[in-house]
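Have a look at this one before I ask anything.
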Amino acid sequence: MYCLDFTVVGVSLGFEIWAMIHHDEDDPLSEIVQLVIVGRLWRFVSIAYDLLSMQYEHDHETIESLRERISELEYKLMQ
């Protein structure tokens, strides 16, 4: 779902930048488009944070399971 979200946000950001480039600076729509672009950029940051957070949790679980396995093997070795 994050890949789909990332793609949708990326495509919409591209369209918004295109619209900003092709509109007059005096046009009130230009300011709205700039605000929407900032919102899209914030969404990119949010998606990146979510992905990094998920990866961190996964890595932490993997490390903990490996530590448990090492402890088990060390115990068997000592016997």
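Residue-by-condition table, conditions (1) surrounded by 11 or more Cβ atoms within 10 Å (Cβ to Cβ); (2) free of Cβ contacts under 8 Å to residues at least 60 places away in the same chain; (3) not aliphatic (A, V, I, L, M):
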{"residue": "30", "(1), (2), (3)": "yes, yes, yes"}
{"residue": "33", "(1), (2), (3)": "yes, yes, no"}
{"residue": "39", "(1), (2), (3)": "yes, yes, yes"}
{"residue": "46", "(1), (2), (3)": "yes, yes, yes"}
{"residue": "51", "(1), (2), (3)": "yes, yes, no"}
{"residue": "57", "(1), (2), (3)": "no, yes, yes"}
{"residue": "64", "(1), (2), (3)": "no, yes, yes"}
{"residue": "68", "(1), (2), (3)": "no, yes, yes"}
{"residue": "73", "(1), (2), (3)": "no, yes, no"}
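Scan region 7-23 residue by residue and report those that are of a type outside the set (Asp, Glu) and in contact with a helix residue (DSSP H, G or I) (Cβ under 7 Å, 6 or more places away or on another chain). Let's see the steps before the verdict.
Within region 7-23, the subset of a type outside the set (Asp, Glu) is 7-15, 17-23.
Hits for region 7-23 are 9, 12, 13, 17, 19, 20, 23.
Another question, then. Does region 20-35 contain at least one residue that is out of contact with any Gly (no Cβ under 6 Å at 6 or more places or on another chain), at pLDDT 80 or above and not charged (D, E, K, R)? Full working, then the answer.
Pass one, region 20-35, residues out of contact with any Gly (no Cβ under 6 Å at 6 or more places or on another chain): 20-35.
Add one more test, that the residue is at pLDDT 80 or above, and what stays is none.
Within region 20-35, not a single residue is out of contact with any Gly (no Cβ under 6 Å at 6 or more places or on another chain), at pLDDT 80 or above and not charged (D, E, K, R).
Name the one entry in 29, 4, 51, 35 that is in contact with a helix residue (DSSP H, G or I) (Cβ under 7 Å, 6 or more places away or on another chain), part of a helix (DSSP H, G or I) and of a type outside the set (D, E, K, R). Write out each step before concluding.
On the way: 29 fails: in contact with a helix residue (DSSP H, G or I) (Cβ under 7 Å, 6 or more places away or on another chain); 4 fails: in contact with a helix residue (DSSP H, G or I) (Cβ under 7 Å, 6 or more places away or on another chain); 35 fails: in contact with a helix residue (DSSP H, G or I) (Cβ under 7 Å, 6 or more places away or on another chain).
Of 29, 4, 51, 35, the one residue that is in contact with a helix residue (DSSP H, G or I) (Cβ under 7 Å, 6 or more places away or on another chain), part of a helix (DSSP H, G or I) and of a type outside the set (D, E, K, R) is 51.
Free of Cβ contacts under 8 Å to residues at least 24 places away in the same chain, surrounded by 11 or more Cβ atoms within 10 Å (Cβ to Cβ) and among the β-branched types (Val, Ile, Thr): is that true of residue 9 in this structure?
Numbers: free of Cβ contacts under 8 Å to residues at least 24 places away in the same chain: no; surrounded by 11 or more Cβ atoms within 10 Å (Cβ to Cβ): yes; among the β-branched types (Val, Ile, Thr): yes.
So residue 9 fails the test.
The values are calculated or read from the model by the stated rules, or taken from the named source; none is laboratory data. Model, not experiment: these values are computed from the prediction. All Cβ positions, even for glycine, are placed from backbone atoms using ideal geometry, and neighbour counts span all protein chains on display.
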